[in-house]
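One structure is given below, encoded as structure tokens.
The values are calculated or read from the model by the stated rules, or taken from the named source; none is laboratory data. Computed from a predicted model, the values in this text were never measured in an experiment. Cβ coordinates were reconstructed from backbone atoms using ideal geometry, including for glycine residues, and neighbour counts include every protein chain displayed. Ligands, DNA and RNA are excluded from the accessible area calculation, which covers all protein heavy atoms including side chains. Shrake-Rupley method; radii C 1.70, N 1.55, O 1.52, S 1.80 Å.
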Amino acid sequence: MENRRQFASLIGPPSLYLFLLFLLPVGLMFVYSFRAGITGPAHDVFTLDNYRSFLTNSHFHRLFWRSALISLTISVISSLLAYPLAYYLVFQAGRNRVTLMTLLIIPAWTSYLLRIFAWKLILGSSGLLNSLLLSLGVIEKASPMLIYSRSAVIVTLVYVWVPFVALPIFAALGRIDRNLLEAAADLGCKPWEAFLRVTLPLSLPGVAAGFFFAFIPTLGEFVTPLLVGGASGQMYGNLIQDQFMRALNWPMGSVMSLAMLVAVITLVFILTRLASVSDLGGVYE
Amino acid sequence: MTDYAVELCNVTKVFSSGRGAKSEDVYAVKEMNLGIPRGQFFTLLGPSGCGKTTTLRLIAGFETPSSGEIFIQGKPMSKIPPNVRPVNTVFQNYALFPHMNVASNVAFGLAIKRVPRDEQKRIVKEALELVQLADMGKRMPSQLSGGQQQRVALARALVNKPAVLLLDEPLGALDLKLRKAMQIELKHIQEQVGITFVYVTHDQEEALTMSDFIALMSDGLILQLGDPATLYKKPANKFVADFIGESNFIRGTVDSITRKGTKLRVLDELVTVDAMEVNLAKGQAATFTIRPEKMMLKTKQPVSTEALSGTVQEVIYIGTDTRYIVTLQSGESVVVRVQNGCSPDVEQFSKGDLVKVVWLPEDARLLTD
Ligand SMILES: Nc1ncnc2c1ncn2[C@@H]1O[C@H](COP(=O)(O)OP(=O)(O)OP(=O)(O)O)[C@@H](O)[C@H]1O
Ligand SMILES: [Mg+2]
């Protein structure tokens, strides 16, 4: 009896949280995805038409894959940049570790929008980068391509996400028992061999976590593409937003959101399976 | 070539902790001179914090000496990094690679040396058989018990055929029964492979059980170096006598020094102690030591024994033995351990009895502090 009450009090708040902030909205979206419309009699008509038109609309698909590719690029670049950063903090920074980590996180305390606008100032046609390139004579005319492009979206989002990708890698590297690295050296490893055979495989769960930290939110990203993406930088998230806010086609927006949810869950499932195979980096069998 | 697998010459290791004015130097190893004979089971024994691990890490190359030089097989090691030293370590916490199965762990050193696959397989199989884990190759380290992990760590080190194997309290995490079994097993493995073992422990019984040689350390210094019997029977000083086994210490003043030995006055009684090695002057305070099992309780002092009078304070029956705690006239307490057997000349005493604590003169040793 006592046990059960304790269990309930432990599991209660997170369950409530999960229900209100995740299950309820997803449930609502699920219901809406079958409605014919959001007003008038269409509201009460349930149909599979939304799914049908989603599956046949190649524009949606194109944008979905483009977004996935952009997110993938962002996550890969962020992980590649974050790894040496986290490695330096854990193994080289010594007692400055916490200070440097804080410095890394501080920009994240400012508004997200502010940070995107900062990139607008850097990448804009009369922005920092253009002026610099102009004055150096690298280019002759301010290039408008720096902003309002897919690369602008990627650069901005990489900037935003690198610290968050670094965090789980930092944690994973910090958890590695230094004795293991000594054991590797003891068994004949040069430092780089110890890195490849011990440090890297043991930090992969952190890399995977960091990767998803960036991948999942950027897949649904719509603010950054809106501000710096231009036409070629539009992402799937913008499409969803359009359905909800402009076309007022909530059922279609719901279908598109659910499709993304399913895609993300499938992907996470596959990748975690891959990451948990035993004998990671094993040298034998 | 020397007969030493490892030599330490004047090795000192200082750790500086803190910063600036608050910095504090810890001398973990002080001016150590030590030769570890080839092919022997050599133990570094000492209380916690005396510098055993530091000594081992200096030999392995994980720490660099603040001064002095270390030789392994006669070669100076100051410029040799750990990965090329001909030593391997069994870590206190085993340090098995958690992302590799047992076979991969054991094969690790061979894979780094690019030993051919088939050869690796054969050596790993042999090593796992040696440590009695033949069919555990596919398991992950997390699926093993402490004792099994310990054996994997041993196998992983042994496959590299190091000149010296360093073991840092490898049995520390095991329960008593398994520890005893592993002690014997380790000793057998050492005899079988013939590699020099440098073994670290703070457990004197373990050291006595396994070692060919023991170096007893305290506070970064080696207090005595010798085989187990010497350390037990002829402790160089009070610390050694106290640390190894159980000892009684009795204080007195030098009454006279004759060719037979040193006569000590303990309150009103005189006892003779062999003391050729110790230089003492008449009237000086001195301590001598006797093991509890070398003392007996009698009502009357037999001939050619030494004796002090006392009162039985406590009688503790512990199965094979009875332990008597006796308060001497001087007020000091001694422990006397009497084997419970059928020996007819063993007398029984109870609390409050007046007794003679007797011993043979050769069983007492005069000590320096
Ligand atoms: N990295 C270090 N920095 C500062 N002081 C250290 C360091 N390593 C060891 N010491 C100090 O050196 C002394 C010897 O430590 P060491 O670990 O060699 O002891 P030990 O004999 O192995 O003890 P134990 O039986 O507890 O393992 C201790 O006083 C310890 O605090
Ligand atoms: Mg230690």
Condition check: within 14 Å of chain B (Cβ to nearest Cβ), within 30 Å of B:Val84 (Cα to Cα), in a helix (DSSP H, G or I) and at pLDDT 85 or above. Does A:Pro205 satisfy that? no
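Each row is one residue, and each column tells you yes or no for (1) crowded, with 22+ Cβ neighbours inside 10 Å; (2) under 21 Å from A:Val158 (Cα atoms); (3) among the small types (Gly, Ala, Ser).
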site	(1), (2), (3)
A:Phe195	no, no, no
A:Ala214	yes, yes, yes
A:Gly233	yes, yes, yes
A:Gln243	no, no, no
A:Pro251	yes, no, no
A:Val255	yes, no, no
A:Ile265	no, no, no
Find the residue count for segment A:98-127, including only residues that are open to solvent by 70 Å² or more (accessible area, probe 1.4 Å) and of a type outside the set (A, V, I, L, M, F, W, C). 2
Within segment A:177-197, is there a residue that is assigned to a helix (DSSP H, G or I) and closer than 30 Å to A:Thr266 by Cβ? no
Are any of the residues in segment B:215-223 within 16 Å of ligand 1 (Cβ to nearest atom), without any contact (Cβ under 8 Å) to a residue 40 or more places away in the chain and open to solvent by 10 Å² or more (accessible area, probe 1.4 Å)? yes
Given segment B:15-133, what helices (runs of 4 or more DSSP H) lie entirely inside it while holding 1 or more residues that are away from ligand 1 (no atom under 16 Å from the Cβ)? B:102-112, B:117-130
Would you mind finding the one in B:Asp212, B:Asp227 that is of a type in the set (D, E, K, R), open to solvent by 20 Å² or more (accessible area, probe 1.4 Å) and under 22 Å from B:Thr54 (Cα atoms)? B:Asp212
Flagged in segment B:127-146 as at negative phi, in contact with an Asp or Glu (Cβ under 9 Å, 6 or more places away or on another chain), more than 14 Å from chain A (Cβ to nearest Cβ) and surrounded by fewer than 17 Cβ atoms within 10 Å (Cβ to Cβ), in numbering order, are B:Gly146
Has segment B:84-91 got any residue that is more than 7 Å from chain A (Cβ to nearest Cβ), more than 27 Å from B:Val200 (Cβ to Cβ), β-branched (Val, Ile, Thr) and open to solvent by 20 Å² or more (accessible area, probe 1.4 Å)? no
Kindly provide the set of residues from segment B:43-61 that are open to solvent by 40 Å² or more (accessible area, probe 1.4 Å) and either touching a strand residue (DSSP E or B) at 6+ places or on another chain (Cβ under 6 Å) or within 14 Å of chain A (Cβ to nearest Cβ) (or both), ordered by number. B:Thr53, B:Arg57
List the pairs whose first member sits in segment B:255-274 and is within 11 Å of B:Ala286 (Cβ to Cβ), whose second member is outside any strand (DSSP E or B) and polar (S, T, N, Q), and whose Cβ atoms are under 9 Å apart, counting only residues at least 6 apart or on separate chains? B:Val266/B:Gln329; B:Val266/B:Ser330
Does B:Leu96 count as more than 10 Å from chain A (Cβ to nearest Cβ) and of a type in the set (A, V, I, L, M)? no
Among helices (runs of 4 or more DSSP H) entirely inside segment A:1-97, those with 1 or more residues being open to solvent by 70 Å² or more (accessible area, probe 1.4 Å) and within 18 Å of A:Gln241 (Cα to Cα) are A:24-32, A:58-87
If I go through segment B:105-120 residue by residue, how many of them are closer than 12 Å to A:Leu187 by Cβ, facing another protein chain (nearest Cβ under 7 Å) and surrounded by 13 or more Cβ atoms within 10 Å (Cβ to Cβ)? 5
Options A:Gly188, A:Gly210, A:Gly174: the member that is open to solvent by less than 30 Å² (accessible area, probe 1.4 Å), more than 24 Å from B:Ala107 (Cα to Cα) and not polar (S, T, N, Q): A:Gly210
Given the residues B:Leu110, B:Leu96, B:Leu45, which is the only one that is in contact with a His (Cβ under 9 Å, 6 or more places away or on another chain) and not hydroxyl-bearing (Ser, Thr, Tyr)? B:Leu45
